[in-house]
Amino acid sequence: MTTEAVPAAPFGPPKTPDPQARGSGSALGLLVPISLAAAVGLLVVAIADVSARRGASGAHVAFWLGLLVIVVPVAARLVSSRPTRAERLGLVIVFTVALYLCKVVYDPTAFSFSDEFVHWRSTEDILASGHLWHFNPLLPIASGYPGLAGVTSEVMTLTGLSASAAGFIIVGLARLILMVTLFLLFERLSHSPRIAALGCLLYAANPNFLYWDAQFAYESLALPLALLVIHMTLKQNETDNRRGWFVLSCIGIAAVVSTHHLSADALTGAFVVWSVLAILLGRGSPPIAQSFMAVIAVSAWDTFVPLTGQYLGGVFSVAGQGTLDVVTGHGGTRRLFATGASVTPMWERYLGLVSVALLLLALPIGLRTSWRRYIRVPLGLIAMGLALAYPVLLPLRFVNAAQETANRTSEYVYVGLGLVVATAAVAFDSVRRQAPRRIAIAVLVILIFGGGVTVSWQYSQRLSPPAREAGAPDALDHEATTAATWTLGALGPGRRFATDLVDRLALATYGRQRPLWAPSDGASSWQILLPPRVDRQVRAAVSRGHVEFVLVQRRLSTGIPSGGDYFDKNEPLSAGRRDPLSPAVLAKFDGVRGVDRLFDSGDIQIYRVAALGSQKGAR
Amino acid sequence: MRRLALPGDLVIVLLVAAVAVAIGLADVDAGPLRIVLGVPLALVLPGYALTEAAVSRRAVAGIERALLAVGLSLCLGATSVLLVNLLPYGVTRTSWLGVAGSVTVIASAVAARRRPPRAERPAKPRCFRPSRGRSMASIAGGALAAAVTVLAVVLAAHSANRDTGRGFTELAMVRASAGTSAHLSVTSQERGAERLTVTVTRAGVDLRAWALTLAPGEHWSRIVPIAESRARGPVEARVYRPGLATPYRTTVLWP
């Protein structure tokens, strides 16, 4: 029987090894066969994506089957008391890689999700100009945080890889950093590799784990680095290389601050609370120096990038106002599992609700167990605080204006929730072998994970979109990317375009154009594309927005986008839309004197409309 | 006199960094070698060297060392872009080679100086070694898992490239030569070879016509004088498929 080595902790409960951490037999145990199972599960998910792209039936069944093949063996093994520490850590790495690759096989050749195009644009701007701080027409705030774009440009220039390949590598490594660091942090707090590994699996149940935080976006890099900074700060307290660890943690703080606003704020908040708790409890060394550095860095950055305050302030004020409206009865509640035209199957809705119910049931048990364990540990208290935030933020999912905000807190809240629920799960199991209990725990963990997946991504977008699907496109297709590429060669970069929400992604990246981004542009695309005729309103909008070109996507007349909006989140009549746009609306530029029709690929036409801005009167 | 020896791991770090920087500066087409060396140069070596320079080896073991090597390399990339941006040349390949190479070299030098002499280094603990049979089985299983993983990604990539749906043809016409002519182009994104007829008219008057056969991915273009025509009105270019009266594609220019 092999006894696991438990790392020393600088503070916390008595340093007795977890009696359930004993392993037996090989140090790697079942790691290799479970890795093989995970690989097979990934292959099944890839087949699901291929099937979805070809419009074959059964793709969603294959998707769930693949996920189960990945997660079930891991969950079953982690619940057991037999694995060694090495095996547990290995399993955490295996399911992290497997679940990340589930996102990669969505499309391994190019970026797919809208935020990825935002940061791709930032990266291309740096590569093209050699400098930072360009205006990003897809999300202006992104150019104020060049960390991800910077390291991606480094990888691209040193390796010759494409942006998507470099991005996949960077985010993949960041995911590994996230989960390994979480394991080490959980282990340090709980003195139990079993709790640590289960906590990581429960963290992976957060709705943003499978896709949102696996995409090429600044939070996907910043959050793992923030956790790494916390780990380095803890190391500073237990070794004689205090100065060395301090320097390393400062580099990490600088990286987080320059990469993502919310992660930087969260890290700073964590340091400050940690310092206060450490002083009040008289346990451990408060990270005062790191707190000071983080506060200075964030304050300086927010001064340098004033858009941050406007951006975050806008998000939170909208969420707050929306919540207030619902509470005071001035606004209706949001329908769960309904986004635009996307319809989630009933069984998935029930699974999502069951997952939430299980977490709410486990939470008080976990908090009670955790209280005894972590009461005098500052980071443990912070974890419990995060876990408590879960039920507090849950009602926001019923508020249209706030559900996005609630959703985006998941990856932070689950850091605490994962540890607390894992603590409850292991406490539920006794030292004696009790197979039924362990099976129950494994089943509950799998249900929680499954529920997280159902909430994670719109049902209609969970698999690769069918090629040339009838209806309004929710994702870029080959025709859109080739049209955008044509604009770069024929028209040059930086031209001002009005177009729909999906094609603007291609224009901004493949085409390096300047699609309209209201309100700073003076006009919105819907003001030009929604009206039925080329009238004074359209001409005025063209003039105000200095619009040179319009890209018309004819498929907008064949369906309603799953998100409900064609051109802009503020466009009128999007709520409750029943009928798609009329083809005549999209064809209104044909035959207008002075409007050149420059490009035609069937579903896409590009018009030069600059002359409209200087003409008077209607058509 | 005590012989100053560079520790083996730092020798490897410096060698890899040197070769990667040399290939980068020489701007040679090194193919996959550029990727194999460039990825460690960007994402591993600077962080590894920095970790070795800043903290004692005893404080960092195994997986933690790998974690810090990659994590700190990412941190350095995210932060050094701010400094590189201030350089006259800005963010270029030379700048990145300089940053990654310099950090690696300087940090390695500091790390080498910090390392205690070999005689004073603590003995490495004996690792548990599984039986030869178990090792072979694990290696084979791991290799099989890796192969299946690669298969999954390759399958998905192949489908993404191939299953792009129905083919299409692109017709484009833009002004050229200060508006006296038009640049006309047709690109085939169809699934098979297409026979097409391209016509250019102005106010119903035929200016030019061509019969083409385009293979998938083939591009055709011409410069069409438009100022010479006495007809007034927009210039229209159309693509027709054989046997169909309605245009397949249409572009219009208002001179």
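Some notes on this structure:
- Considered as a group, the residues in the stretch A:19-62 that are more than 9 Å from every other protein chain (Cβ to nearest Cβ), under 34 Å from the mean Cα position of the chain (by Cα) and farther than 30 Å from A:GLN461 by Cα include one that is modelled with the highest pLDDT, and that residue is A:LEU30.
- Single condition A:ASP265 does not satisfy, out of (1) within 14 Å of another protein chain (Cβ to nearest Cβ); (2) touching a residue at least 24 places away in the same chain (Cβ under 8 Å): (1)
- Index of the failed condition, A:PRO532 passing every other in (1) under 30 Å from B:GLU190 (Cα atoms); (2) surrounded by fewer than 23 Cβ atoms within 10 Å (Cβ to Cβ): (1)
- Among the residues of the stretch B:175-216, those identified as of a type in the set (A, V, I, L, M, F, W, C), surrounded by 18 or more Cβ atoms within 10 Å (Cβ to Cβ) and free of Cβ contacts under 8 Å to residues at least 40 places away in the same chain are B:VAL200, B:LEU207.
- Residues being within 18 Å of A:ASP596 (Cβ to Cβ), surrounded by fewer than 18 Cβ atoms within 10 Å (Cβ to Cβ) and among the acidic types (Asp, Glu) - total across the stretch B:217-247: 0
- Single match in A:LEU138, A:LEU161, A:LEU176 (criterion: facing chain B (nearest Cβ under 8 Å), surrounded by fewer than 23 Cβ atoms within 10 Å (Cβ to Cβ), farther than 13 Å from B:GLY77 by Cα and in contact (Cβ under 8 Å) with a residue 60 or more places away in the chain): A:LEU176
- Between B:ALA137, B:ALA143, the distinction of being among the aliphatic types (A, V, I, L, M) and modelled with pLDDT of 90 or more belongs to B:ALA143 only.
- Some residue of the stretch A:481-493 being surrounded by fewer than 20 Cβ atoms within 10 Å (Cβ to Cβ) and assigned to a loop (DSSP other than H, G, I, E, B): yes
- Among residues of the stretch A:412-453 being hydroxyl-bearing (Ser, Thr, Tyr) and over 21 Å from the mean Cα position of the chain (by Cα), the one that is surrounded by the fewest Cβ atoms within 10 Å (Cβ to Cβ) is A:SER430.
- Against the test of being surrounded by fewer than 24 Cβ atoms within 10 Å (Cβ to Cβ), at pLDDT 95 or above and either under 30 Å from A:LEU488 (Cα atoms) or among the aromatic types (Phe, Trp, Tyr) (or both), the options A:ASP107, A:ASP125 yield a single qualifying residue, A:ASP125.
- Here A:ALA523 meets each of (1) under 27 Å from the mean Cα position of the chain (by Cα); (2) in a loop (DSSP other than H, G, I, E, B) with one exception, condition (1).
- Segments classed as strands (runs of 3 or more DSSP E), wholly inside the stretch B:163-205, with at least 3 members that are modelled with pLDDT of 90 or more and among the charged types (D, E, K, R): B:194-202
- Residue list for the stretch A:444-495, filter: touching a strand residue (DSSP E or B) at 6+ places or on another chain (Cβ under 9 Å), modelled with pLDDT under 90 and over 23 Å from A:GLN215 (Cα atoms): A:ALA472
- For A:PRO572, the requirement of being surrounded by fewer than 17 Cβ atoms within 10 Å (Cβ to Cβ), under 30 Å from B:TYR240 (Cβ atoms) and within 37 Å of the chain's Cα centre (by Cα) is not met.
- Listed by position, the helices (runs of 4 or more DSSP H) contained in the stretch A:177-280 that have at least 2 residues being farther than 20 Å from B:LEU72 by Cα and modelled with pLDDT of 95 or more are A:193-203.
- Checklist (1) hydrophobic (A, V, I, L, M, F, W, C); (2) in contact with a Gly (Cβ under 7 Å, 6 or more places away or on another chain); (3) under 19 Å from A:PHE449 (Cβ atoms); (4) within 9 Å of another protein chain (Cβ to nearest Cβ) applied to A:ILE70, failing item: (4)
- For the stretch B:12-44, the set of residues classified as within 11 Å of chain A (Cβ to nearest Cβ), under 15 Å from B:VAL70 (Cβ atoms) and in contact (Cβ under 8 Å) with a residue 12 or more places away in the chain consists of B:GLY38, B:PRO40, B:LEU41, B:ALA42, B:LEU43, B:VAL44, listed by residue number.
- All of (1) in a loop (DSSP other than H, G, I, E, B); (2) touching a residue at least 40 places away in the same chain (Cβ under 8 Å); (3) among the small types (Gly, Ala, Ser) hold for A:SER574 with one exception: (2).
- Matching residues in the stretch A:232-262 - criterion: being under 17 Å from A:LEU182 (Cα atoms) and either more than 9 Å from chain B (Cβ to nearest Cβ) or surrounded by fewer than 24 Cβ atoms within 10 Å (Cβ to Cβ) (or both): A:THR233, A:LEU234, A:LYS235, A:SER249
The values are calculated or read from the model by the stated rules, or taken from the named source; none is laboratory data. Bear in mind that the values here come from a model prediction, so they are computed numbers and not experimental data. All Cβ positions, even for glycine, are placed from backbone atoms using ideal geometry, and neighbour counts span all protein chains on display.
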